[in-house]
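Asker: Dumping the structure here so I can ask a few things about it.
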Amino acid sequence: QAKKAKHKEGVYYNIDMQDKMAWRIGIIRQLRHDFARNKLEVWYQPQLALDDLSLIGCEALLRWPASDGVYISPAVFVPLAEDAGLIVDIGQWVLEQACQQQKRLENMGTEICIAVNVSVPQFKVKGYAQTVKNTLLKYGVKPKNIELEITESVVMDELETVISTLSELKELGMEVAIDDFGTGFSSLSYIQSLPLDRLKIDRAFIKDLPNDDTGAIAALVISLGAKLGLKTIAEGVETQEQAQFLKNLGCDEVQGFMYAKPMPENELIEFINKR
Ligand code: C2E
Ligand code: MG
Ligand code: MG
Ligand code: MG
């Protein structure tokens, strides 16, 4: 329902906007509080090779259980954490969790790569590549076993700086993926100038497959990846039809509810042991 606009000091405030601002402030306060008390969790979603469905890696995904046991979506709180300047610390914590998780899996005989999402404010901190390097050293993790997922918004920042930071990370031997590929607003030309390993096709282009329109985009990304020597991984695969369609196009890898949902460590270990 429409609420009344309130006239205040010459500026029109919409009451819905005021509510929204109060809500945002409340969420940020609670997030800061819960992060400080170590209440956040990292869950892991398996990534599989499409040809033989072997486990190649996992994506680390933040989880925030609110007081009533309901999880607040990272799609909601990550942007708020970015605005509030909290994402740098939270992101570093996620990287450290992922490193320790990688090591525990390796020690039980499963050496896979864990992918970690990187936000723009994190990537922009001076010395970011060095921080990542130090973190890997701290936990004794091989660089090839951690992948950083950046979005087009990271790339759009300042190409020279982005290239030099990415080059540093690549020289270490880390993996780099472009997340949500095709949903950003950057030009395609940047993709050639970046040292990358993988294109992640956004779920938006997968969910209606094998419908023609989005099928054309998925096909385009997969052939672009092949031409540039990059692996392609499809996000959000939920049906056998989607998987078959992607396989026919030559997509390399998949991640989706059809194979496994994001899960906490104990379930991930069960998942691995059952295979
Ligand atoms: P993302 O990086 O693109 O992660 C993939 C999202 O797709 C995850 O949502 C995952 O649960 C969801 N997904 C995977 N397969 C399926 C499927 O088959 N069906 C459906 N409906 N969804 C699927 P999630 O965990 O809710 O995360 C949302 C977004 O929040 C992430 O999108 C990422 O942008 C952000 N995020 C999560 N964790 C972190 C983090 O540690 N740092 C940063 N900076 N962002 C994070
Ligand atoms: Mg991601
Ligand atoms: Mg994504
Ligand atoms: Mg996404």
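The values are calculated or read from the model by the stated rules, or taken from the named source; none is laboratory data. Keep in mind it's a predicted model, so treat the numbers as computed, not measured. Backbone-built Cβ (ideal geometry, glycine too); neighbour counts: all protein chains shown. What goes into the accessible areas is simple: the full protein's heavy atoms, side chains included, and nothing from ligands, DNA or RNA. Shrake-Rupley method; radii C 1.70, N 1.55, O 1.52, S 1.80 Å.
Asker: Just give me the residues in region 172-183 being surrounded by fewer than 17 Cβ atoms within 10 Å (Cβ to Cβ) and under 30 Å from THR239 (Cα atoms), in sequence order.
Answerer: Listed by number, the list holds a single entry, THR183.
Asker: Looking at region 128-166, which of the residues that are of a type in the set (Gly, Ala, Ser) and at pLDDT 95 or above is nearest to ligand 2 (Cβ to nearest atom)?
Answerer: Result: ALA129.
Asker: Do the conditions hold for ALA98, that is, is it of a type in the set (Gly, Ala, Ser), part of a strand (DSSP E or B) and either within 16 Å of ligand 4 (Cβ to nearest atom) or under 27 Å from LYS261 (Cα atoms) (or both)?
Answerer: Working: of a type in the set (Gly, Ala, Ser): yes; part of a strand (DSSP E or B): no; either within 16 Å of ligand 4 (Cβ to nearest atom) or under 27 Å from LYS261 (Cα atoms) (or both): yes.
No: the conditions fail for ALA98.
Asker: When both residues are 6+ apart or on different chains and their Cβ atoms are under 6 Å apart, which pairs have a first residue that lies in region 217-245 and is within 11 Å of LEU50 (Cβ to Cβ), and a second that is polar (S, T, N, Q) and open to solvent by less than 20 Å² (accessible area, probe 1.4 Å)?
Answerer: What qualifies is ILE222/THR232.
Asker: Please verify whether region 149-160 includes one or more residues that are in contact (Cβ under 8 Å) with a residue 40 or more places away in the chain, closer than 19 Å to GLN97 by Cα and crowded, with 16+ Cβ neighbours inside 10 Å.
Answerer: yes
Asker: Looking only at residues in region 248-275 that are assigned to a helix (DSSP H, G or I) and exposed (fewer than 14 other Cβ atoms within 10 Å of the Cβ), which one is farthest from ligand 1 (Cβ to nearest atom)?
Answerer: ASN273
Asker: From the list VAL70, VAL76, exactly one residue is among the β-branched types (Val, Ile, Thr), open to solvent by 40 Å² or more (accessible area, probe 1.4 Å) and within 16 Å of ligand 3 (Cβ to nearest atom). Which is it?
Answerer: After ruling out the rest, the residue left standing is VAL76.
Asker: Restricting to region 36-67, and then to whatever is of a type in the set (Gly, Ala, Ser) and surrounded by fewer than 19 Cβ atoms within 10 Å (Cβ to Cβ), can you tell me which residue is modelled with the lowest pLDDT?
Answerer: Of the residues in region 36-67, the ones of a type in the set (Gly, Ala, Ser) are 36, 49, 54, 57, 60, 66-67.
From the residues that got through so far, the ones that are surrounded by fewer than 19 Cβ atoms within 10 Å (Cβ to Cβ) too are 36, 49, 54, 66-67.
Numbers: ALA36: 97, ALA49: 98, SER54: 97, ALA66: 81, SER67: 75.
So, considering only residues that are of a type in the set (Gly, Ala, Ser) and surrounded by fewer than 19 Cβ atoms within 10 Å (Cβ to Cβ), the one modelled with the lowest pLDDT is SER67.
Asker: ALA204 - would you say it is of a type in the set (A, V, I, L, M), crowded, with 17+ Cβ neighbours inside 10 Å and within 30 Å of GLU267 (Cβ to Cβ)?
Answerer: In short, no.
Asker: Right, next: Condition check: open to solvent by less than 60 Å² (accessible area, probe 1.4 Å) and away from ligand 4 (no atom under 16 Å from the Cβ). Does GLY225 satisfy that?
Answerer: Criteria met by GLY225.
Asker: Conditions first: (1) buried (at least 17 other Cβ atoms within 10 Å of the Cβ); (2) more than 14 Å from ligand 1 (Cβ to nearest atom); (3) not aliphatic (A, V, I, L, M). LYS138 passes all but one, so which condition is the exception?
Answerer: (1)
Asker: Then there is this: So, LEU169, is that one in contact with a Cys (Cβ under 9 Å, 6 or more places away or on another chain), away from ligand 3 (no atom under 16 Å from the Cβ) and open to solvent by less than 10 Å² (accessible area, probe 1.4 Å) or not?
Answerer: It is false that LEU169 is in contact with a Cys (Cβ under 9 Å, 6 or more places away or on another chain), away from ligand 3 (no atom under 16 Å from the Cβ) and open to solvent by less than 10 Å² (accessible area, probe 1.4 Å).
Asker: Would you be able to say whether some residue in region 231-238 is of a type in the set (S, T, N, Q) and open to solvent by 10 Å² or more (accessible area, probe 1.4 Å)?
Answerer: The answer is no; no qualifying residue exists.
Asker: Limited to region 167-222, what total is found for residues that are assigned to a helix (DSSP H, G or I) and either over 20 Å from VAL118 (Cα atoms) or within 16 Å of ligand 4 (Cβ to nearest atom) (or both)? If you could, list the steps in order and put the result at the bottom.
Answerer: Within region 167-222, the first condition is being assigned to a helix (DSSP H, G or I), and the residues that meet it are 167-172, 190-193, 203-205, 212-222.
So of that shortlist, the ones also either over 20 Å from VAL118 (Cα atoms) or within 16 Å of ligand 4 (Cβ to nearest atom) (or both) come out as 192, 203-205, 212-222.
Total meeting the criteria: 15.
Asker: Quick test of your reading of the structure: LEU194 fulfils all but one of (1) under 17 Å from GLU149 (Cα atoms); (2) within 16 Å of ligand 1 (Cβ to nearest atom). Name the failing condition by number.
Answerer: (2)
Asker: Something else: When region 51-71 is examined, which residues are found to be farther than 17 Å from GLY26 by Cβ and outside any strand (DSSP E or B)?
Answerer: Within region 51-71, ASP51, ASP52, LEU53, SER54, GLY69 qualify.
Asker: Let me ask something else. Looking only at region 72-91, count how many residues are assigned to a loop (DSSP other than H, G, I, E, B) and aliphatic (A, V, I, L, M).
Answerer: Result for region 72-91: 2.
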